[in-house]
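*Asks:* This is the structure I want to talk about, given as structure tokens.
The values are calculated or read from the model by the stated rules, or taken from the named source; none is laboratory data. If you're wondering where the values come from, they're calculated on a predicted model, not measured in any experiment. Here the Cβ is made from the backbone with ideal geometry for all residues, glycine too, and neighbour counts use every protein chain on show. Surface accessibility is based on the protein's heavy atoms, side chains included, excluding ligands, DNA and RNA. Shrake-Rupley method; radii C 1.70, N 1.55, O 1.52, S 1.80 Å.
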Amino acid sequence: MGGWRFGDPNGRRKWFSHTEPLAGLPGFQLAYETWGTLNAEASNAVLVLHALTGDSHVAGGVEPGHPTPGWWDALIGPGRPLDGFFVVAPNVLGGCQGSTGPWQYPVFPDITIRDQVRAEVHLADYLGIGEWAAVIGGSMGGMRAVEWAVGEPDRVKSLLLLATTAAASAEQIGLASAQVHAIRASPVEGLGVARRIAHLSYRSEQELQARFGRERQHDGRFEVESYLDHHAAKLARRFDPASYVTLTEAMNSHDVGRGRGGVRAALRRVKARTLVAGVDSDRLYPLAQQRELAAGIPGADDLRVITSPYGHDAFLIESEQVGALVTELVPAHSGTR
């Protein structure tokens, strides 16, 4: 099974442990990474939240403990959009890169996006951060970001939501449920099937056609088939199937309006200055979902559209466009104040 395990190199990870019960757990730990220095006023902290198969390693290269390079490396470091800020990136509760997850338990409780944010609130308290200068997330990270802004409106000064939604749609739940069924039928092989299904939804039809068409390799496989096989094998080496199920089901349950009078009422609770952006070729999280967020959040500017052929994955790939949004929301020099 993939994922970080005790005894593996720690890499850049730090750990926060909470000993009180949460969401059916007797306690939990979160692995997290930080960059920069928290100022005396604790006013320059930025929370960066990863997507489904992401982790805390937002920036940096491949090194012991980190089998993949930072997934938003272009945002963090000298002269980059988050220069001058104290950046915090936790591995989500239920994940498999150092945080408490099903890899540690024979029976792991069902958890929600809201539970994951509750765990991150405890981390913020531990770090002495009363208000985030910004909370930034895309896809599943965007779900957590909007939950932060709705559930803790006085602790989020500004908000960037990328390629995400206020509530999972029927199509998103259906696609994700098919992946879960594959893993439950056969964890290792099923994880590969799940990744193939997911990766198709992460990219656009136009890109796949332009890159692969109907071309075959020397072994007779279609090139697009080989591409999906590669990504399936790559994920199996670094991710735990049970964590994939836990996080996918948390995403399926995501509804920021649950128990709050519906999505519209919930979004009105947000106090943060907000930018919402979607991807013009995203078929998994279509622009209509981001329009709902931008229209419903009182402090939101007009919807921004990332132009890209890469589909949903564009929020990870189009670093120049994403970086411009980050700089607009929190100008880099403001982090040093």
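*Asks:* If I model a spin label at R184 and T327 as a point 7 Å from the Cα along the Cα→Cβ vector, what separation in nanometres do I get?
*Replies:* With each label placed 7 Å out from Cα toward Cβ, I get 4.8 nm.
*Asks:* Related question: Treat each spin label as a single point 7 Å out from the Cα along the C-beta direction, and report the R214 to H231 distance in nm.
*Replies:* 2.3
*Asks:* Then there is this: Leaving out ligands and nucleic acids, note down the accessible area per residue over region 45-175 with a 1.4 angstrom probe, in whole Å².
*Replies:* I get 28 Å² per residue for region 45-175.
*Asks:* Assuming 1.567 mPa s and 4 °C, estimate D for region 240-294 with Stokes-Einstein, Rh taken as the Kirkwood radius over Cα pairs, in µm²/s.
*Replies:* 97
*Asks:* Separate question: Can you give the percent of C-alpha pairs in region 77-233 whose distance is more than 24 Å?
*Replies:* Considering region 77-233, 50 percent of its Cα-Cα pairs are separated by more than 24 Å.
*Asks:* I've got another one for you. Aspartates and glutamates near K157 by alpha-carbon distance under 20 Å, same-chain residues fewer than 8 away left out - which ones?
*Replies:* Cα-Cα hits under 20 Å: E41, D83, E120, D125, E131, E147, D301, D302, E328.
*Asks:* Rg to Rh ratio, the chain, alpha-carbon atoms and Kirkwood radius?
*Replies:* Ratio of gyration radius to Kirkwood radius: 0.95.
*Asks:* Which of L284, M140, A170 sits farthest toward the positive end of the charge dipole of the chain, with +1 on the Cβ of Lys and Arg and -1 on the Cβ of Asp and Glu?
*Replies:* A170
*Asks:* Still on this structure: Per residue and in cubic angstrom, what volume does the convex hull of the Cα atoms of region 53-147 have?
*Replies:* Normalising the Cα hull of region 53-147 by residue number yields 120 Å³.
*Asks:* Pick from P106, P26, P90: which is most flexible by mean-square fluctuation in a GNM of the chain where alpha carbon atoms under 10 Å apart are linked?
*Replies:* The residue that fluctuates most here is P106.
*Asks:* Let me ask something else about it. Go through 93-103, 188-198, 217-227, 269-279 and give me the packing order, highest mean Cβ count within 10 Å leading.
*Replies:* For the peptides 93-103, 188-198, 217-227, 269-279, the packing ranking is 93-103, 269-279, 188-198, 217-227.
*Asks:* How much length is gained if the chain between R221 and R291 is pulled fully straight, taking 0.36 nm per residue apart and subtracting their Cα-Cα distance, in nm to one decimal?
*Replies:* 21.2 nm
*Asks:* To continue, here is another question. Ordered by packing density, taken as the mean number of other Cβ atoms within 10 Å over each peptide's residues, highest first, how do 233-245, 36-48 rank?
*Replies:* Averaged packing, sorted descending, gives the order 233-245, 36-48.
*Asks:* If you place +1 on the Cβ of every Lys and Arg, -1 on the Cβ of every Asp and Glu, and leave all else neutral, what size is the dipole of the chain about its Cα centre, to the nearest 20 Debye?
*Replies:* Result for the chain is approximately 340 debye, rounded to the nearest 20.
*Asks:* Treating only the Cβ of Lys, Arg, Asp and Glu as charged (+1, +1, -1, -1), what charge dipole size does region 124-188 show about its Cα centre? Round to the nearest 20 debye.
*Replies:* 200
*Asks:* Please state, to two decimals, what the Cα-based radius of gyration of region 211-337 comes to when divided by 2.2 N^0.38 Å (N = residues).
*Replies:* Here the answer is 1.38, to two decimals.
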